[in-house]
Amino acid sequence: MKRLSAFHFAAALFLFGAVWAEAAETVNTQGPAVRVDKLADGLDHPWAVEVLPDGAYLVTERPGRMRIIRDGKLSEPIGNVPKVSARGQGGLMDVALAPDFATSRKLYFTAAIANRQGSGTEAFSATLSNDEKRLDAVKPVFTMRRFTSGNIQYGSRIAIAPDGTLFISVGDRGDRDRSQDWQDDAGSIIHINADGSIPADNPFKNGGKALPEIWSKGHRNPQGITFDAKDGKLYTVEHGARGGDEINQPEAGKNYGWPIITYGRDYSGAEIGEGTAKKGLEQPLHYWDPSIAPGALAVYRGAMFPEWDGDFIVAALKFQLLSRMQRDDSGAFVAEERLFEGEYGRIRDVVVAPDGALLFVTDEDDGALLRVSRAQADNG
């Protein structure tokens, strides 16, 4: 999975407990009341957060910085982060800790990188130095093969599979037809080994119809990707145009339809493609119309909110909320609860912390890291 498994969360609870009490708010939900604590602000368009083994937080800022938040204090930027193309939607984006980070210090991150042809999505591996001041052994493990002009729709989330391989989402870069070009990484879910090599179970590992790193195609701009810890299934959430934001379950070699089929329309109002269904193209598990502009995706498997077990938590930029997508025993979506709408700003990332709390970051000039916990449990 992308997120670090439960580790030292007692220490994390100590850090969370008293320091930020003055910033807490209590919010009613359809179930338990929750407490929202601001753990840090002053971040410049934060894109991703990870929990370190001691309960501190590693965050990325889109202009090209990584920082650590510990005891409510922001570190200086971590050194040796590659130069990124911080234009439009591009910049430094996701970060994911290796499953053995506690001993190896290894992590992965994605960014928009520029060259003479334009820019594109690139993923790197690195190790965090013991003093947390720099990245060492920084190495590209995936670079999309065609860089182009424009600065939108990079995708760029990472999910780490149980076997340690990497799934990376890549957007269509604003050129919709690229999502149906199997010799182009754009509009794809990419599957690689941790060193960048091609896994043996990839559907096109020998090339031919498609690039060997491609797992699935027909995606528009997937900015959320995660595994369900219970059943090991991979899920994505992706931006549509006007309407047509989707939740998908990418499977090897399958085509998820963009832009041939979609439940959205062009921003001009014009129809896109051939309708909403076509033989050989996969249907989404869920779609939104109007769009919520989804960011990250988490499948809730935590102890703090047992009534949310198995629900999808989707960060939303447009309506500035967390969408809790409720599922029944078969896994079908049956209801949606919209949390915090308009209260905290554009929500870019959401993760489930080791203790079961939710963490989210706001994509703003003065962005923040916030924690959602159970009000009764926190208030004693």
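The values are calculated or read from the model by the stated rules, or taken from the named source; none is laboratory data. None of these values were measured; they are calculated from a predicted model. Reconstructed Cβ throughout: ideal geometry from the backbone, glycine too, with neighbour counts over all protein chains shown. In case anyone asks, the SASA skips ligands and DNA or RNA and just uses the protein heavy atoms, side chains included. Shrake-Rupley method; radii C 1.70, N 1.55, O 1.52, S 1.80 Å.
For the stretch 68-194, what is one quarter of the convex hull surface built on the Cα atoms, given in nm²?
That works out to 8.6 nm².
Return a whole-number percent for the relative contact order of the chain, with Cα pairs under 8 Å and 6 or more residues apart as the contact set.
Averaging sequence separation for qualifying contacts and normalising by length gives 15 percent for the chain.
Could you give the radius of gyration (one decimal) and Dmax (whole number) of the Cα atoms in the stretch 252-380, in Å?
17.0, 56
Which aspartates and glutamates, if any, have their Cα less than 14 Å from the Cα of LYS230, not counting same-chain residues under 8 positions apart?
Correct list for LYS230: ASP309, ASP311, ASP329.
Provide the packing ranking of 84-95, 164-175, 258-269, i.e. peptides ordered by the mean count of other C-beta atoms within 10 Å per residue, highest first. Walk me through the numbers before you get to the answer.
Numbers: 84-95: 21.7, 164-175: 23.5, 258-269: 18.1.
The densest-packed peptide leads the list: 164-175, 84-95, 258-269.
Taking the Cα centre of the stretch 80-198 as origin, sum charge times position over the Cβ atoms of Lys and Arg (+1) and Asp and Glu (-1), and report the length of that vector in debye to the nearest 20.
Details: 14 positive and 14 negative charges, 81 e Å.
It comes to approximately 400 debye.
To the nearest 20 debye, what is the magnitude of the charge dipole of the chain about its Cα centre, counting +1 on the Cβ of each Lys and Arg and -1 on the Cβ of each Asp and Glu? Kindly include the intermediate steps, with their values, before the conclusion.
Details: 43 positive and 53 negative charges, 202 e Å.
Approximately 960 debye in magnitude.
Using the Cα atoms of the stretch 250-302 to build a convex hull, what is its mean projected area in square nanometres?
Values: hull surface 20.4 nm².
With every direction weighted equally, the projected area is 5.1 nm².
Give me a comma-separated list of calculated 3J(HN,Hα) values for the stretch 94-110, in order, Karplus coefficients 6.51, -1.76, 1.60 applied at θ = phi - 60°, integers in Hz, x for any Gly or Pro.
3J(HN,Hα) across the stretch 94-110, in whole Hz: 7, 9, 9, 7, 4, x, 9, 3, 4, 10, 8, 6, 8, 9, 10, 8, 10.
Measure of size requested: the Rg and Dmax of the chain, with Cα atoms as the atom set and Å as the unit; please supply both.
Rg, Dmax (Cα atoms, Å): 19.5, 61.
Express the accessible area of the chain per residue in Å², computed with a 1.4 Å probe while the remaining protein chains stay in the model. Mind showing how you got there, number by number?
Details: 14790 Å² over 380 residues.
For the chain, the per-residue accessible area is 39 Å².
Report the one residue of SER75, PHE360, GLY257 whose Cα lies farthest in the direction of the positive end of the charge dipole of the chain (charges on C-beta: Lys and Arg +1, Asp and Glu -1; origin at the Cα centre).
The one lying farthest along the dipole's positive direction is GLY257.
Mind checking which lysines have their Cα closer than 26 Å to the Cα of LYS133? Skip sequence neighbours fewer than 8 apart in that chain.
Candidates past the 8-residue exclusion: LYS2, LYS38, LYS73, LYS83, LYS106.
Please sort 211-222, 51-62, 271-282 by packing, taking for each peptide the average over its residues of neighbouring beta carbons within 10 angstrom, highest first. Working shown, then result.
On the way: 211-222: 24.2, 51-62: 21.7, 271-282: 13.5.
The densest-packed peptide leads the list: 211-222, 51-62, 271-282.
Tell me, what HN-Hα J-couplings in whole Hz come from the Karplus equation 6.51 cos²θ - 1.76 cosθ + 1.60 at θ = phi - 60° for each residue of the stretch 39-55, using x for Gly and Pro?
8, 6, 9, x, 8, 9, 6, x, 10, 8, 9, 9, 8, 7, x, 8, x
Would you please give the residues with an amide H less than 5 Å from that of SER156, counting only those at least 5 places away or on a separate chain, with H modeled from the backbone geometry?
Under 5 Å from the amide H of SER156 lie the amide H atoms of SER169, VAL170, GLY171, each far enough along the sequence or on another chain.
How long is the stretch 28-96 along each principal axis, judged by its Cα atoms, biggest number first, in Å?
44, 29, 22
Please list the non-local residues whose amide H lies under 5 Å from the amide H of LEU39, H modeled 1.01 Å from N, same-chain partners needing a gap of 5 or more.
Under 5 Å from the amide H of LEU39 lie the amide H atoms of LEU369, LEU370, ARG371, each far enough along the sequence or on another chain.
Out of every Cα-Cα pair in the stretch 167-238, what percent are more than 21 Å apart? Walk me through the intermediate numbers first.
Details: 632 of 2556 pairs.
When every Cα pair of the stretch 167-238 is considered, 25 percent fall beyond 21 Å.
Rounded to whole Å, give me the distance from the Cα center of the stretch 321-378 to that of the stretch 247-310.
One Cα centre to the other: 19 Å.
Divide the volume of the convex hull of the Cα atoms of the stretch 192-307 by its number of residues and quote the answer in cubic angstrom per residue.
141
Which whole-Hz couplings ³J(HN,Hα) result when phi for each residue of the stretch 202-218 is put into the Karplus expression 6.51 cos²θ - 1.76 cosθ + 1.60, θ = phi - 60°, listed in order with x for Gly and Pro?
5, x, 10, 4, 9, x, x, 4, 9, 4, x, 7, 6, 9, 8, 10, x
List the residues whose amide H sits under 5 Å from the amide H of LYS233, counting only those 5 or more places along or on another chain, with H placed 1.01 Å from N in the peptide plane.
Those lying under 5 Å, H to H, from LYS233 are ASP228.
Based on the Cα atoms of the stretch 115-262, what semi-axes does the equivalent ellipsoid have, where each is the square root of 5 times one gyration tensor eigenvalue, given in whole Å with the largest first? It would help to have the intermediate numbers written out before the result.
Numbers: eigenvalues 112, 69, 51 Å².
Result for the stretch 115-262: semi-axes of 24, 19, 16 Å.
Taking a temperature of 37 °C and a viscosity of 0.692 mPa s, what whole-number D in µm²/s does Stokes-Einstein yield for the stretch 314-380 with Rh from Kirkwood over alpha carbon pairs?
Working: Rh = 13.0 Å.
Approximately 253 µm²/s, per Stokes-Einstein.
How large is the dipole of the stretch 157-280 about the Cα centre if only Lys and Arg carry +1 and Asp and Glu carry -1, each at its Cβ, rounded to the nearest 20 debye? Let's see the in-between values first.
On the way: 15 positive and 19 negative charges, 45 e Å.
Dipole about the Cα centre, nearest 20: 220 debye.
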